[in-house]
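Trainee: Below are the structure tokens for one structure; questions will follow.
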Amino acid sequence: MASGMMARAGVRKDRRGAGRWSRLPVLAVMLATIAGVVPASLAADPGPPPLKPHPSAIASILDIEPVPTAPVSGGATAPVRAPLSRDDIPQGDGGAVGDGAVSLAMRPVPGLPGPPALKPTPPRPDAATLIATAGFAPAQVGYLVVDLDTGEVVAEHNADRPAFLPASVAKVPTTVAALHVLGPDHRFNTALRFDGTRGADGTWRGTLALVGGGDPVLTSDALRGLVTQLKAAGLRRLDGTFVHDDSGLMRALSIDPAQPPEHSYNPGLSALSLDFNRVRVQWRGDRVSLVQTHGTPAVAPVAVGRDRAGGGWRRAGPWLRHDVVNQGGALTAAGDTVVERWRLSPLVSDRGARWLPVKAPAPFTASVFRALAGEAGVVLPPARPAGGVARGAVVARHDSPALSSIAARGLKYSNNMLAELVGLATARALDQRPRTLAESAAAMTAWYARVMPWVDWSGFVMTNHSGLSSISRASPAQIVAILRFAMEHPSGGRVRYDTLLPQRAFKAPATTARPVAYSVRAGSLVPSVWAKSGTMYHGRGLAGIALGGSGHRLAFAVFTSDLAARRAFDDGYLHYSGRAVARAKAALGRARDLEHALLLSWILAH
């Protein structure tokens, strides 16, 4: 029995050995096939398919740990498998997470962080949020944005409410009307007329008149040009009278009597104006004097002195007081009759300087002209009012730059005197008679109602042409309608209004300087905007053309006005209250921030 068992064991041993060697050709074929090499004998006659190799042979070649086996009935063997554990069962995603080689490879390495999750981008704040963040009530803000290329309304809020202070945005309706009524090539002239006889020795006997034509940008250089022409005509000495004639337009001591009279943005008005009707004064103790500026001699029929004897001065109050001298008598050092006087508070420092508004522009201009003539060797007597329309032949003439150029300068530098003279000339061209500021502004409003009857002009109030008034009112829709009219109807058929508007400078908003604009998260986007701004305490506006993200042109007007705060400011005449002025300036800063934020949001969305 033992020998039989040994015999069977030997047979099995021989069979295993014979089987192992008999399988080598098959493995060689398989490896050759993987390598792309096929024996020629097989290529010619493939024959029957080879026997399937035993898994243990492949395991030995590929270095895979063989699966244990155990004998079963009939002399065969079967793989012995370990019982399944909970970790070997596929989980809900279909992947095995057990301890096998594959499942271990699929497990994440413990301790290493996974990829960061994407943070959701919060939505940009809407207009209501921006207004609230800026600290304004919804009723205090109004705007309208229209796509000029499609006519689409891009954004609007209180667009039809004429409840906003336009401030210097009022210069937009003034210049648009002037360009269409007078024309972009219109020029204002200043002339010298002589009525009398001319002597061969250069002595003229008669009346020489300096006649103003409402030139809003007349300078001392222009007056020098007139002197040169006059001298070329033969005049060396005038034996007669020298007069100034400003009858072409109305006269006013100030633009807005409700504003402080000593502020240079509130000068007098006249058809004969010079250097934007302001002079530079300086003081050293009790000595107060005029200063030569921009080539203009330091002469004027103005007396300025420190008030040492007067009372009633307060530190929280005006430190200059103005008086009109109605009766002649006092003369300046140049021999001109004093027509206005300024008194300087004794409470101000002993050294200082400032610009003063000229309240009587025609005598001032004539006084400077006389001084310039003297420098050129032409002797003139002191000037006096003409008392009517000057007569005589024109012996010299100066023409201003074209109105389109003047309008561009007025929009860029926002000079109030310039806007008022342009507006007064426009209204006079409508019916050929001088008007008061209120009448002139009303005539311009009537003109708009005639040429743009589709616009609702109710509530549109212009008390003057510069916007220096807390009584004027406008709606965003009214201002945008004027902008659209100007863009669709170039003045003279060729001058586009957006080419006259100044380009606004915006910086990328910072959290501290522009927190509301920063909240829009526009990155480094800098808006392309050509617009006119308007600023007064508790009133801010901006109107013009912006370039949208789509490349379309957007006409817009945005206003922020606190009418209740402005009424309180005016009723208390708080121009000299440091606390009230500080609050008003802080509100203006928040309004500018809101403007910036709204512009960014409109451009990003369109």
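The values are calculated or read from the model by the stated rules, or taken from the named source; none is laboratory data. All values derive from a computational prediction rather than experimental measurement. Ideal geometry is used to build each Cβ from the backbone, glycine not excepted, and the neighbour counts take in all protein chains shown. Only protein heavy atoms, including side chains, enter the accessible area calculation; ligands, DNA and RNA are left aside. Shrake-Rupley method; radii C 1.70, N 1.55, O 1.52, S 1.80 Å.
Trainee: Could you give each residue of region 588-597 its phi-based ³J(HN,Hα) in whole Hz, using Karplus coefficients 6.51, -1.76, 1.60 with θ = phi - 60°, and x for Gly or Pro?
Mentor: Ordered by residue, 3J(HN,Hα) equals 5, x, 5, 5, 5, 4, 5, 3, 4, 5 Hz.
Trainee: For region 303-378 and region 210-232, what is the separation of their C-alpha centers, rounded to whole Å?
Mentor: When both Cα centres are located, 23 Å separates them.
Trainee: To continue, here is another question. How large a share of the accessible area of region 188-400, in percent, is made up of carbon and sulfur atoms when the probe is 1.4 Å and the other protein chains stay in place? Intermediate values should be presented prior to the final figure.
Mentor: Details: 4480 of 9130 Å².
Summing carbon and sulfur atoms, their accessible area is 49 percent of the total for region 188-400.
Trainee: With viscosity set to 0.692 mPa s and temperature to 37 °C, compute the Stokes-Einstein D of region 153-200, Rh being the Kirkwood radius across alpha carbon pairs; µm²/s, no decimals.
Mentor: Values: Rh = 15.8 Å.
In µm²/s, the coefficient rounds to 207.
Trainee: Given a 1.4 angstrom probe, I'd like the percentage of the accessible area of region 492-570 that is carbon and sulfur, rounded to a whole number. Spell out each step's value before the answer.
Mentor: Numbers: 1800 of 3350 Å².
With neighbouring chains kept in place, the figure for region 492-570 is 54 percent.
Trainee: Classify region 485-554 as rounded, prolate or oblate from the Cα gyration tensor: take a ≥ b ≥ c as the square roots of its eigenvalues, call it rounded if a/c is under 1.5, otherwise prolate when a/b beats b/c and oblate if not.
Mentor: On the way: a/c = 3.09, a/b = 1.65, b/c = 1.87.
Oblate, because a/c is 1.5 or more while a/b does not exceed b/c.
Trainee: Rounded to the nearest whole Å², what accessible area per residue is found for region 188-400 with the 1.4 Å probe? Kindly include the intermediate steps, with their values, before the conclusion.
Mentor: Details: 9130 Å² over 213 residues.
For region 188-400, the solvent-accessible area averages 43 Å² per residue.
Trainee: Positive end of the charge dipole of region 295-405 (Lys, Arg +1 and Asp, Glu -1 on Cβ, about the Cα centre): tell me which of 360, 400, 309 has its Cα farthest that way.
Mentor: Looking along the dipole axis, the top candidate is 309.
Trainee: Could you estimate the translational diffusion coefficient of region 303-366 from the Stokes-Einstein equation, with Rh from the Kirkwood formula over C-alpha pairs, at 10 °C and 1.306 mPa s, in whole µm²/s?
Mentor: Numbers: Rh = 13.2 Å.
Calculated translational D: 120 µm²/s.
Trainee: Now, a different point. Near residue 606, within a Cβ-to-Cβ distance under 9 Å, what is the net charge of the other residues, with Lys and Arg +1 and Asp and Glu -1?
Mentor: Once positives and negatives cancel, what remains is -2.
Trainee: Quick check for me: using +1 on Lys/Arg Cβ and -1 on Asp/Glu Cβ, what's the dipole size of region 427-478 about its Cα centre, in debye to the nearest 20?
Mentor: On the way: 5 positive and 3 negative charges, 26 e Å.
Around 120 debye, computed over region 427-478.
Trainee: So how do 510-519, 313-322 stack up, highest first, on mean other-Cβ count within 10 Å? If you can, show how the numbers build up before the last one.
Mentor: Values: 510-519: 16.7, 313-322: 14.7.
With the highest mean Cβ count within 10 Å placed first, the list reads 510-519, 313-322.
Trainee: Here's another thing I want to ask about it. Where a ≥ b ≥ c are the square roots of the eigenvalues of the C-alpha gyration tensor, would you call region 441-583 rounded, which needs a/c under 1.5, or, failing that, prolate if a/b is larger than b/c, or oblate?
Mentor: Details: a/c = 2.32, a/b = 1.06, b/c = 2.19.
The shape class here is oblate.
Trainee: Only Lys, Arg, Asp and Glu count, each charged at its Cβ (+1, +1, -1, -1), so figure out the dipole size of region 251-336 about its Cα centre, rounded to 20 debye.
Mentor: 320
Trainee: Using Cα-only point scatterers and the Debye equation, what is log10 of I(q)/I(0) for region 356-438 at each q in 0.13 Å⁻¹, rounded to two decimals?
Mentor: Ignoring solvent entirely, the Cα scatterers give -0.65.
Trainee: I would also like to ask the following. Running Debye on region 227-337 with equal point scatterers at the Cα sites and no solvent, what base-10 log of I(q)/I(0) appears at q = 0.14, 0.16, 0.17, 0.20 Å⁻¹?
Mentor: Calculated log10 I(q)/I(0) at the listed q: -0.80, -1.03, -1.16, -1.52.
Trainee: Let me ask something additional. Could you work out the equivalent-ellipsoid semi-axes for region 164-256, taking the square root of 5 times each eigenvalue of the Cα gyration tensor, largest first, in whole Å?
Mentor: Listed largest to smallest, the semi-axes of region 164-256 are 36, 15, 11 Å.
Trainee: Which order, highest average first, do 266-278, 184-196 follow once you tally other Cβ atoms within 10 Å for each residue and take the mean per peptide? Write out the running numbers ahead of the final one.
Mentor: Details: 266-278: 24.7, 184-196: 19.4.
Highest mean packing first, the order is 266-278, 184-196.
Trainee: State, as an integer percentage, the relative contact order of region 188-400 based on alpha-carbon contacts under 8 Å between residues 6 or more apart. Before the final figure, lay out the partial values.
Mentor: Details: 498 pairs, mean separation 66.4, N = 213.
Contact order relative to length: 31 percent.
Trainee: Next up: Would you mind putting 533-543, 404-414 in packing order, based on average other-beta-carbon counts within 10 Å, highest first?
Mentor: Values: 533-543: 24.4, 404-414: 19.9.
Peptide ranking by packing, descending: 533-543, 404-414.
Trainee: Still on this structure, I have one more. When the Karplus curve 6.51 cos²θ - 1.76 cosθ + 1.60 is applied with θ = phi - 60°, which whole-Hz ³J(HN,Hα) does each residue of region 491-501 get, with x for Gly and Pro?
Mentor: Calculated HN-Hα couplings, in order: 5, x, x, 8, 9, 7, 5, 5, 6, 9, 6 Hz.
Trainee: Also: Rounded, prolate or oblate: which fits region 288-418, taking a ≥ b ≥ c as square roots of the Cα gyration tensor eigenvalues, rounded meaning a/c under 1.5, else prolate when a/b beats b/c?
Mentor: Working: a/c = 2.08, a/b = 1.39, b/c = 1.50.
The shape class here is oblate.
Trainee: Return the inverse of the average 1/r over all pairs of distinct C-alpha atoms in region 188-400, which is the Kirkwood hydrodynamic radius, in Å to one decimal. All intermediate terms of the calculation are to be shown ahead of the outcome.
Mentor: Details: mean 1/r = 0.0560 Å⁻¹.
With all distinct Cα pairs of region 188-400 included, I get 17.9 Å.
Trainee: Follow-up. Rounded to the nearest 20 debye, what is the charge dipole size of region 188-400 about its Cα centre when +1 sits on each Lys and Arg Cβ and -1 on each Asp and Glu Cβ? Don't skip to the end; give the middle numbers.
Mentor: Details: 26 positive and 18 negative charges, 99 e Å.
The calculation lands at about 480 debye.
Trainee: Note down the net charge around residue 284, summing +1 for each Lys or Arg and -1 for each Asp or Glu among other residues with Cβ under 11 Å from its Cβ. Don't jump to the answer; show the numbers that get you there.
Mentor: Working: positive: 287, 306, 351; negative: 286, 350.
Counting the neighbours of residue 284, the net charge comes to +1.
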